[in-house]
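Below is one structure, written out as structure tokens; comments come after it.
Where a number appears in this text, it was derived from the coordinates with a stated rule and is not lab data. What you are looking at is a predicted structure, and each value in this text was computed from that prediction instead of being measured. Here Cβ is always computed from backbone atoms with ideal geometry, including for glycine, and neighbour counts include all displayed protein chains.
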Number of protein chains: 2
Amino acid sequence: MSQENLKSILKSHQLRITDCRLDVMHFFLNEKSALSQGDLENQFQKYDRVTLYRTLNSFLDSGILHKIPNASGVATYGLCHETCSPDHHDHNHIHFKCNNCGQIECLDDKVVPHVSVPKGYEIEAVNMIVDGICAKCA
Amino acid sequence: MSQENLKSILKSHQLRITDCRLDVMHFFLNEKSALSQGDLENQFQKYDRVTLYRTLNSFLDSGILHKIPNASGVATYGLCHETCSPDHHDHNHIHFKCNNCGQIECLDDKVVPHVSVPKGYEIEAVNMIVDGICAKCA
DNA sequence: TTATAAATGCAAGTAAGTTGCATAAACTAT
DNA sequence: ATAGTTTATGCAACTTACTTGCATTTATAA
């Protein structure tokens, strides 16, 4: 994706265009897998930890990224669909975590199956995390 | 559940019977919702943080508890089914997190629907976390 | 180009998770 | 019941992730 495209994404989310934001977004688009703040710190030592932290938060708030639930205790983030907005997130895809390489992927084309909950419960969002072995490691 | 029943659960998992373990197990059985280490620290100030941490870990290792994935970054734990063993966990039920009261419940009678992954991927475990409003808060 | 608003870096703090070690308690086999 | 062995506990200390305040720098809009 061109630098101009990246800038327009930031603009469309009312975010100022800065080097850090462009680099982080570029990294997410290239990696395709979910990333943690630690991953960004390793990749971009020229930026302060706090700047990366706030970059992730601004991307979360504006709907560019979503947080992926996991049991490890380290927050990981993935790119949102274009259909997401700050108010409405649309993440009915499946997250796959490889138990071998540790990578977390968004399986965008796999839709979360319909789920039923007990009477009186209201569903606002559904997250599905599949653990196993990815195609690269199999 | 009687104190004797609690003790037999510990024994069947090759765990020594201690006050802390009995209290923690009793708390889980009563609460029914998922709990974090912090919840235990608040409830049992007479036990050290580390003791509670190790109690949770021994319960995890022996298959009494399972870890529930979530986006908050704080690990939460829920009781396993009786069909779980240290080697084999059987958690095809749904976890429900209420966005109002924050409680995480195991919906034991709701089975996770079948899911398909791309070719070459192997599934080892499936976790489903539903966010919404629980019956109490609706 | 200047004024304004926001992002950055640094320092510092909070909280969760973890390990080592001495002491205390639980279990096993007399 | 008791002595010996194994395991659990409490304390101190450490690592890592996350978070906030503030002064400075940078991006944007008038």
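A few remarks follow.
- The angle separating the long axis of helix B:19-31 from the principal Cα axis of greatest extent in chain B is about 40 degrees.
- Counting only DSSP beta bridges with both residues in chain B, the antiparallel share comes to about 75 percent.
- Neighbour-count order for B:Ser2, A:Ser72, A:Ser36, fewest beta carbons within 10 angstrom listed first: B:Ser2, A:Ser72, A:Ser36
- In terms of overall dimensions, the protein assembly as shown has a Cα radius of gyration and Dmax of 20.6, 69 angstrom.
- Neighbourhood net charge (15 Å Cβ-Cβ; Lys/Arg +1, Asp/Glu -1) for A:Cys20: +1
- Helical mean residue ellipticity (222 nm; -39500 (n - 2.57) per DSSP H run of 4+; nearest 500) of the protein assembly as shown: -9500 deg cm²/dmol
- Only Lys, Arg (+1) and Asp, Glu (-1) charged, at Cβ; chain A dipole about Cα centre in debye: 200 debye
- Taking the longest Cα principal axis of chain B as reference, the axis of helix B:49-62 is set at about 60 degrees.
- Inter-chain shielding of A:128-138 (mean C-beta neighbours from other protein chains, 10 Å cut-off): 6
- Exam field: A:Thr18 pseudo-label spacings to other copies (7 Å along Cα-Cβ), nanometres: 4.7
- Rg/Rg_globular for chain A, with Rg_globular taken as 2.2 N^0.38 Å and Rg from C-alpha atoms: 1.11
- Cross-link pairs B:Lys11/B:Lys67; B:Lys7/B:Lys136; A:Lys32/A:Lys110; B:Lys46/B:Lys110 - those with Cα-Cα distance over 25 Å: B:Lys7/B:Lys136; B:Lys46/B:Lys110
- Extreme residue, positive dipole direction of chain B, given options B:Gly78, B:Ser116, B:Asn100 (C-beta unit charges): B:Asn100
- Averaging the sequence gap over all C-alpha pairs within less than 8 Å and six or more residues apart, then dividing by the number of residues, gives chain A a relative contact order of 19 percent.
- Exposure proxy order (Cβ contacts within 10 Å, fewest to most) of A:Arg54, B:Arg21: A:Arg54, B:Arg21
- Each residue in B:Val50, A:Val130, A:Val74, B:Val117 was given a count of other beta-carbon atoms within 10 angstrom of its own, and listing them fewest first yields B:Val50, A:Val74, B:Val117, A:Val130.
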